[in-house]
Amino acid sequence: MYRIAVIPGDGTGPEVVREGLKVLEAVAKKFNFPYETKIFDFSGERYLKTAKTVDDKDIEELKKYSAIYLGAVGHPDVKPGILETGVLLKIRFSLDQYINLRPVKLYNPKFCPLKDKRAEDIDFVVVRENSEGLYKGMGEFRNKGTQEEIAIQISYNTRKGVERCVRYAFEYCRRRNKKKKLTLCGKTNVLTYAWDLWERTFYEVAREYPDISCDYAHVDATTMWFVKNPEWFDVIVTDNMFGDIITDLGAMIQGGMGIAAGGNINPEGVSMFEPIGGSAPKYTGKNVINPLAAICALGMLLENIGEEKAAKAVEDAVIKVVQTKLKSLAAGKMGYSTSEVGDLIVENL
Ligand code: IPM
Ligand code: MN
């Protein structure tokens with residue numbers, strides 16, 4: 001019996017999660033596996049009423065689940081940063097979800113903003129370190145509020161943290177079995193402490209993976225190549241901040257936030273899956289948001305809990321619908337409502 005913790009969250013989160021759960025119900029029937037869900041209200045609305053986000057007791061509760069399914073975090077009336085750190089980052093850090101896995105795959109070239117790119121040209125995965133770097137929250141103000149003010153924000157990189165991430169990326173690249181190429185995306189020419197450690201670790205671990213070819217790209221050049229030669233990439237490993245930035249660009253070249261999904265993974269613990277776009281307040285409650293990113297996130301969740309066949313069926317249905325039905329992947333322009341897109345996926349399972 002799988003136990004799925006569901007956090008619909010804010011904005012359009014509940015709408016897209018509803019479609020994901022619709023697909024879960026159908027796919028569980030088809031592949032005959034039992035599951036139960038429990039809804040956790042870690043939302044901006046709840047915060048406004050109770051001043052609560054996610055506390056240590058909630059974390060202990062979440063540890064009892066097979067996986068977590070998250071909609072979106074971010075409420076227009078809550079000061080930016082509170083829900084992000086209090087909910088999303090709190091869960092990522094407390095459950096030690098040290099990998100943020102973000103596939104970038106173009107399902108229909110019609111939806112790619114790049115000229116002359118075929119579906120097979122955009123098919124890579126970003127392995128983003130998810131527990132350290134600039135996200136660690138280390139730093140300080142000096143002389144705050146004065147003309148002499150200094151704000152220091154530290155990028156914190158440990159050998160253990162870097163190595164477990166790099167190792168995961170090599171293993172993932174081997175298992176994926178496509179180009180068998182792993183690119184380290186960094187900034188060795190300027191950030192000479194952090195990226196020296198990353199580079200040394202990367203090439204040391206690489207010796208254990210002679211079947212994988214290794215490559216290095218500076219992060220600025222990486223963004224250029226995402227646009228110019230995305231077909232060069234297979235698996236990319238990078239730190240938390242760079243991974244955050246390049247995966248938004250990755251989402252755009254795969255067709256937009258409507259289709260981009262990711263997993264916050266603790267390979268030895270409880271992982272959390274989410275559409276990577278935000279809560280999209282302006283589309284909330286209108287039944288126009290694209291639920292496919294959330295449905296793809298559900299597919300990743302299924303693979304993570306061991307239901308590979310169900311995961312593949314969900315992805316195949318998404319591909320079919322994206323190739324034969326939708327007019328666009330953007331909110332309000334799909335030619336179908338949010339719930340109709342969910343129904344289409346169920347019909348195509
Ligand atoms: C993401 C988001 C988060 C991040 C925010 C909401 C804290 O942008 O998942 O990429 O920066 O990691
Ligand atoms: Mn981001």
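The values are calculated or read from the model by the stated rules, or taken from the named source; none is laboratory data. All figures in this text were calculated on a predicted structure; none of them were measured in a lab. So basically every Cβ, Gly included, is an ideal-geometry build from the backbone, and we count neighbours across all protein chains shown. The area values use the complete protein model at the heavy-atom level, side chains included, leaving out ligands, DNA and RNA. Shrake-Rupley method; radii C 1.70, N 1.55, O 1.52, S 1.80 Å.
Just checking the listed ones, 261, 330, 151: in the Gaussian network model of the chain with Cα springs under 10 Å, the one fluctuating most is 151.
Ranked by solvent-accessible area (1.4 Å probe, protein heavy atoms only, all chains present), the residues 232, 198, 225 order from largest to smallest as 232, 225, 198. Pairwise inverse Cα distances across the chain, averaged and inverted, put the Kirkwood hydrodynamic radius at 20.8 Å. Remark: the residue 52-residue 320 segment gains 92.3 nm on full extension, using 0.36 nm per residue and subtracting the alpha carbon distance. Built from the Cα atoms of the range 123-253, the convex hull projects on average onto 8.9 nm², one quarter of its surface area. Looking at the range 14-120, the pairs of alpha carbons with a distance over 19 Å make up 61% of the total.
Peptides 184-191, 104-111 ranked from most to least packed by the mean count of surrounding Cβ atoms within 10 Å: 104-111, 184-191. Beta bridges from DSSP with both residues in the chain: antiparallel share about 40 percent, rounded to the nearest 5. One Cα centroid belongs to the range 20-85, the other to the range 206-246; the line between them spans 31 Å. Evaluated at q = 0.22 Å⁻¹, a Debye calculation over the C-alpha positions of the range 61-182 (equal weights, vacuum) places log10 I(q)/I(0) at -1.26.
In the range 126-197, the alpha-carbon atoms span a convex hull of 108 Å³ per residue. Taking amide H positions as modeled 1.01 Å from N, with prolines and chain starts lacking one, the residues under 5 Å from residue 71 and 5 or more places away or on another chain are 7, 9. On a per residue basis, the chain carries 45 Å² of accessible surface, using protein heavy atoms and a 1.4 Å probe.
Share of Cα-Cα pairs in the range 269-349 beyond 15 Å, in percent?
57
Of the DSSP H helices in the chain, those with a Cα length along their own long axis of 15 Å or more and a mean Kyte-Doolittle hydropathy reaching -0.5 comprise 13-31, 194-206, 240-253, 292-305, 308-324.
Computed about the Cα centre, the dipole magnitude for the chain is approximately 580 debye when only Lys and Arg (+1) and Asp and Glu (-1) carry charge, each at its Cβ. Take residue 211: with every protein chain present and a 1.4 Å probe, its accessible area is about 60 Å². Averaging sequence separations of C-alpha pairs under 8 Å and six or more residues apart, then dividing by the length of the chain, give the relative contact order as a whole percent. It comes to 24 percent, rounded to a whole number. Measuring only protein heavy atoms, the 1.4 Å probe finds residue 174 accessible over about 90 Å².
Across the range 53-60, computed HN-Hα scalar couplings (Karplus, 6.51 cos²θ - 1.76 cosθ + 1.60, θ = phi - 60°) run 10, 10, 10, 5, 5, 4, 4, 4 Hz from first to last residue, x flagging Gly and Pro.
Once all protein chains are placed together, residue 94 keeps about 50 Å² accessible to a 1.4 angstrom probe. For residue 52, a cut-off of 23 angstrom between C-alpha atoms picks up these lysines, skipping any fewer than 8 places away in its own chain: 38, 63, 64, 79, 90, 136. Hey, in the GNM for the chain with a 10 angstrom Cα cutoff, which one of 314, 127, 78 fluctuates hardest? Highest fluctuation among the options: 78.
What is the antiparallel percent of DSSP beta bridges lying wholly in the range 123-253, to the nearest 5?
Rounded to the nearest five, the antiparallel share is 25 percent.
Just the protein heavy atoms count here, and of the accessible area of the chain at 1.4 Å, carbon and sulfur take up 52 percent.
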